[in-house]
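The values are calculated or read from the model by the stated rules, or taken from the named source; none is laboratory data. Computed from a predicted structure; not experimentally measured. A quick note on method: Cβ atoms are made from the backbone with ideal geometry, for glycine too, and the neighbour counts reach across all protein chains shown. Side chains included, ligands, DNA and RNA excluded: accessible areas come from the protein's heavy atoms. Shrake-Rupley method; radii C 1.70, N 1.55, O 1.52, S 1.80 Å.
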Amino acid sequence: MSPTAALNQIRRVPDLDKLKASGATTSNVISLSDEDTQTARRLLTEIPLDLLRVESQLSRLPHLQAEQVEYMDRIQGLKVALAPHKRLYSDILTKIFLFAAEDKDLVLPPYRGTVPWVLRRVCSEWRRVSLNCSGLWNNMVLIVKPHPESVMKLKLSASIIARYGPLTLTVKVDNACGKALCLDTVLNILAPHLPRTRMLTFSGPQNAVDALFRMPSNCFLQTAGITLELQEAPEPTLLLSTNIFEGPELRSMKISVPHDFRIAPDPLPRVGLLPKVDWANIVFIDIVETIELSLARGLRILQDCPKLHTCALRMTVDSSDRFPSEGSITLPHLERLELVINDNRILDSLTLPSLTEFNHASTNFPVLQTTELIKRSGCTIQQMKQTKHTPTSVPDHMLIEMLTQLASVVILQLIGVYFSIPVLQTLAKGRLLPHATVFGCCAPSWESVDAFADLMEARFEGRVEGVAVLEDARLFVNVALHPRGFYRNRHYDMEHMEGWNVGIIRWL
């Protein structure tokens, strides 16, 4: 439509509105004046021309629609061309990709919704950046299930593993795989790629572990860490015959049994030997859940691991065992120690200047040995836990001396040690454990529960100047002492105070 025609069409609008308002356009009774009659005749001549123009434009509608799509495509193309992410450097894109992945492991066999697979399909630049981002690909979890296409999926997963490395690989074997799938076949498919695995975690039924133990040592030449999550304690003969721990790069080894499968943790297989390991390079060892060591073997491990920084062992002392001299085993780098032992004299042989975390389980908590260990080592312990539930009484002066040596401790949970009322009162005044935020102890009587309540009223509310505020406290009480006293004691009401995390755990 020309500008003149459009202008004339606009001018006709008031005339049409005037005629509509008179009612003449909808009524057969109302007559027009002479002036309105001339206007109506003029409009009747002009409007058909407008109709012809509209019909002409309608005939061009498909063409206009095509033009509309073309213009929209051009606009979208310009938006893409000006997209701000195109100006991002590769290192910024890498950080965004890692944030999108949320530190989640890459599950194999892959599925389309996994973040790395989505990113690599957006464009060539994103594909290049994502493939070069090791954080997206180097933590893989391979799930092996008894499926008709398991071998094909395993080969696909192996081809993916082959592209990346060194990597952290977790292999999870379904319990039913031993019957439906040959586990040797599974491991043979993975064997060529295992030498590029730096950290290996393997979980599955016993037959899967047996198949892993049969693999040659050259599959683990570059492996720095091996974690085995078993469903039952391993057979000592299999453990001694395997070669998987012989790699020269091995630094970390852990053999654990998930609690869901731990029916009877004792007695554990007691061994005097372990697989051939280059102990001088080991910095992390955790076999406390699966292997019970003789005293000689346990101390030999500690002697042969000068670089050790984390250690969790279970040792049993026989009447014929001989203890080394006091402080003769020095581990300068050991920071975290967990021991399950039946004789506290084992601690007398240790010197641990870097120790910060000490978890202990024995029939009696070694108050005296712990005090001497701290003095001898000059260490600054920040966390100490005792996990045996059999309570023991300790003279106040010995307990106070140990707590004095633990001046820097932040977490202290001694659920098998009775704290007397005088000791609890000293704690309430902030003279002991000034930095503790988590505290747990055992109550020898219901009277001591009141003293414990006083402690928490003072330490939870921050009344003591220069002393840390308690955030968590646990009092372990034998309800057999006074079964009904629990309900009458004011500490029961304190459990419901807003913002307090206070609890009583009872045993018979």
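Some points to look at:
- On full extension, the segment bounded by His397 and Arg431 gains 10.8 nm, given 0.36 nm per residue less the C-alpha separation.
- Of the chymotrypsin sites (Phe, Trp or Tyr not before Pro) in region 102-135, the ones in a loop by DSSP (not H, G, I, E or B) with at most 10 other beta carbons within 10 Å are Tyr111.
- Three-way shape label, region 94-165, alpha-carbon gyration tensor, a/c 1.5: prolate
- Taking every protein chain into account, the accessible area of region 320-376 amounts to 42 square angstrom per residue (probe 1.4 Å).
- Net charge contributed by nearby residues that have their C-beta within less than 13 Å of Gln222 (K/R +1, D/E -1): +1
- Taking every alpha-carbon pair under 8 Å whose residues sit at least 6 apart, region 266-367 reaches a relative contact order of 23 percent.
- With the convex hull drawn over the C-alpha atoms of region 189-250, the volume per residue is 76 Å³.
- Label positions at Leu58 and Leu131, each projected 7 Å from the Cα along the C-beta direction, are separated by 5.6 nm.
- R0 of 25 Å, Cβ-Cβ distance Ala191-Asp278: FRET efficiency to nearest 0.05: 0.70
- Listed cross-link partners Lys145/Lys254; Lys104/Lys145; Lys276/Lys385; Lys155/Lys276; Lys155/Lys254; Lys104/Lys153 are compared with a 30 Å cut-off, the Cα-Cα value being larger for Lys276/Lys385; Lys155/Lys276.
- Length released on extending from Ser354 to Lys95, taking residue separation times 0.36 nm less the Cα-Cα span: 89.7 nm
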